[in-house]
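The structure appears right after this line, and notes come after that.
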Amino acid sequence: MAGVTASVTPGLTAGRGQALAVRAWAAAFAGLARWHRYSVTGLDTLLGDEPFLVVGYHGRPIAHDLIMLQEAIHARRGYRPHAIVHRTLYTHPVSGPLFQGLGMLPGDGPELDAAVARGEHIIVTPGGTREGLRSARHRHRVAWGRRTGYVRLALRLGLRVVPVATYGTDHTFIGLNDGDRWGRRLRLPPGVPAWLGVGAVGVWPLAVPFPARFHQRIGAPIDLHAHGHLAHDDRAGHQAAHGRIVAAVQALLTPPGAPR
């Protein structure tokens, strides 16, 4: 894994424990890829030298399919596209070494700029847990609201946006409630959901997911300046770009073989 080091956990980041944890992670998701009969179309888009901001739909309950995509690219390019995690998790003595070893990055900072300079992709899921921890009534529907932070990030980094979505991820667990709404009702810390999801045996996070087939589609790159120069402070332009990207991701969620 190229170039990611920790600021507060020296001695742990390059240790044997970290290497074992990364290998265990890769083995676990290789097993999940077989369990879900994971397939991907359009992967060649992400195998060239141009870095992209990969913007994905967040399936239930975590973005398993995007981790599978990271592993697929790692097998071919030798690095994992960089997901963004909270800095606390990135620097924590327990979680930090694993996340650093996997190439995850702590938000919009110098580590992100360095990754892009190396020609490496960045992955974000604008829907987050609000999208991923919904009830089973809400499936295959992009739910990003009016969030445009990823558009501003792509503009700052000078990246084109690649939409990604996987049909099948919403069938891994049966969501019984809206996790974000229940988190607020229970007065949990901001952003902490309270979600109940039923899997093949038991409830999440202890249950095995249902063996839904994952079919991942990678769309064509979207140039944010295709309709004219988009300025960093153009909020209306950001919303227009956001609308085009959401529509592209939604189209990719169409069930395989179904009319679009």
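The values are calculated or read from the model by the stated rules, or taken from the named source; none is laboratory data. Owing to the predicted nature of the structure, the values given are computational and were not obtained by experimental measurement. With ideal geometry, Cβ positions are generated from the backbone for all residues, glycine too; neighbour counts draw on all protein chains shown.
Looking only at residues in the range 134-173 that are among the polar types (S, T, N, Q) and part of a loop (DSSP other than H, G, I, E, B), the one that is farthest from PRO61 (Cα to Cα) is THR148. Tell me, which residue of the range 5-50 that is hydroxyl-bearing (Ser, Thr, Tyr) and at pLDDT 90 or above is surrounded by the most Cβ atoms within 10 Å (Cβ to Cβ)? That would be TYR38.
Could you say whether any residue in the range 183-193 is on the phi < 0 side of the Ramachandran plot, among the hydrophobic types (A, V, I, L, M, F, W, C) and crowded, with 17+ Cβ neighbours inside 10 Å? No; the residues of the range 183-193 include none that is on the phi < 0 side of the Ramachandran plot, among the hydrophobic types (A, V, I, L, M, F, W, C) and crowded, with 17+ Cβ neighbours inside 10 Å.
Filter the range 219-258 for residues that are of a type in the set (Asp, Glu) and free of Cβ contacts under 8 Å to residues at least 12 places away in the same chain; which is surrounded by the fewest Cβ atoms within 10 Å (Cβ to Cβ)? Out of the qualifying residues, it is ASP233. Can you pull out the residues in the range 146-185 that are out of contact with any Lys or Arg (no Cβ under 7 Å at 6 or more places or on another chain), under 26 Å from GLY42 (Cβ atoms) and not aliphatic (A, V, I, L, M)? Selection gives ARG147, THR148, GLY149, TYR150, ARG152, ARG156, GLY158, ARG160, PRO163, THR166, TYR167, HIS171. Selection over the range 82-102 of residues that are closer than 20 Å to ALA33 by Cβ and either without any contact (Cβ under 8 Å) to a residue 40 or more places away in the chain or surrounded by fewer than 22 Cβ atoms within 10 Å (Cβ to Cβ) (or both) gives a count of 2.
The residue that is modelled with the highest pLDDT, among those in the range 112-129 that are assigned to a helix (DSSP H, G or I) and among the β-branched types (Val, Ile, Thr), is VAL116.
With the condition kept exactly as written, say whether any residue in the range 126-148 is hydrophobic (A, V, I, L, M, F, W, C), closer than 21 Å to GLY48 by Cβ and in contact (Cβ under 8 Å) with a residue 60 or more places away in the chain.
Checked against the condition, which is being hydrophobic (A, V, I, L, M, F, W, C), closer than 21 Å to GLY48 by Cβ and in contact (Cβ under 8 Å) with a residue 60 or more places away in the chain, the range 126-148 yields no hits at all.
Evaluating LEU196 against the criteria (1) within 19 Å of the chain's Cα centre (by Cα); (2) surrounded by fewer than 16 Cβ atoms within 10 Å (Cβ to Cβ) leaves one unmet condition, (1).
Restricting VAL151, VAL161 to residues that are of a type in the set (A, V, I, L, M), in contact with a His (Cβ under 8 Å, 6 or more places away or on another chain) and within 20 Å of VAL249 (Cβ to Cβ) narrows the list to VAL151.
Every test in (1) modelled with pLDDT of 90 or more; (2) touching a Gly at 6+ places or on another chain (Cβ under 8 Å) is passed by MET104 save one, and that test is (2). Please work out if GLY132 is modelled with pLDDT of 90 or more and closer than 21 Å to THR254 by Cα. For GLY132, the condition - modelled with pLDDT of 90 or more and closer than 21 Å to THR254 by Cα - is met. Is it fair to say ALA63 is within 23 Å of PHE214 (Cα to Cα) and crowded, with 22+ Cβ neighbours inside 10 Å? Yes, satisfied. Selection of helices (runs of 4 or more DSSP H) fully inside the range 22-111 by the criterion of at least 1 residues being among the acidic types (Asp, Glu) and out of contact with any strand residue (DSSP E or B) (no Cβ under 8 Å at 6 or more places or on another chain) returns 64-77.
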